[in-house]
1. Beta carbons within 10 angstrom, averaged per residue: use that to sort the peptides 37-47, 63-73, highest first.
2. What translational D, rounded to a whole number of µm²/s, comes out for the range 33-107 from Stokes-Einstein when the hydrodynamic radius is the Kirkwood one over Cα pairs, at 25 °C and 0.890 mPa s?
3. In which sequence would 5, 88 go, from the one with the fewest C-beta neighbours within 10 Å to the one with the most?
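Bear in mind these aren't lab numbers, they're just calculated from the coordinates by the rules spelled out. Quick caveat: nothing in here was measured; it's all calculated off a predicted structure. All Cβ positions, even for glycine, are placed from backbone atoms using ideal geometry, and neighbour counts span all protein chains on display.
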Ligand SMILES: [Zn+2]
């Protein structure tokens, strides 16, 4: 394989490059998440805002509409289930936050393929 940073030829399963400071991005890299993920999750206090932040404008709008739906549905369910239906609302919030954390950030798109075309 070739080093993605400097192009130096490395052993096939190399963990790091000996010519530059490239290190193989392990799975822990994506599991930890980026700062933008945390910001998006915090913005999801208003469901959909985190998605807009990440560049998913239409999806964010749908989640905002969905939030009203969840409140409405939770309210309706609450009257039928003696308040228990209200649990639907935080579950929706949590679902939105969980989703926005997991999706790819569209603000800084991976331009690995474009880099060569710029020059
Ligand atoms: Zn290298």
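1. Taking the mean over residues of other Cβ atoms within 10 Å, the ranking is 37-47, 63-73.
2. After rounding, the answer is 197 µm²/s.
3. Lowest to highest Cβ neighbour count: 5, 88.
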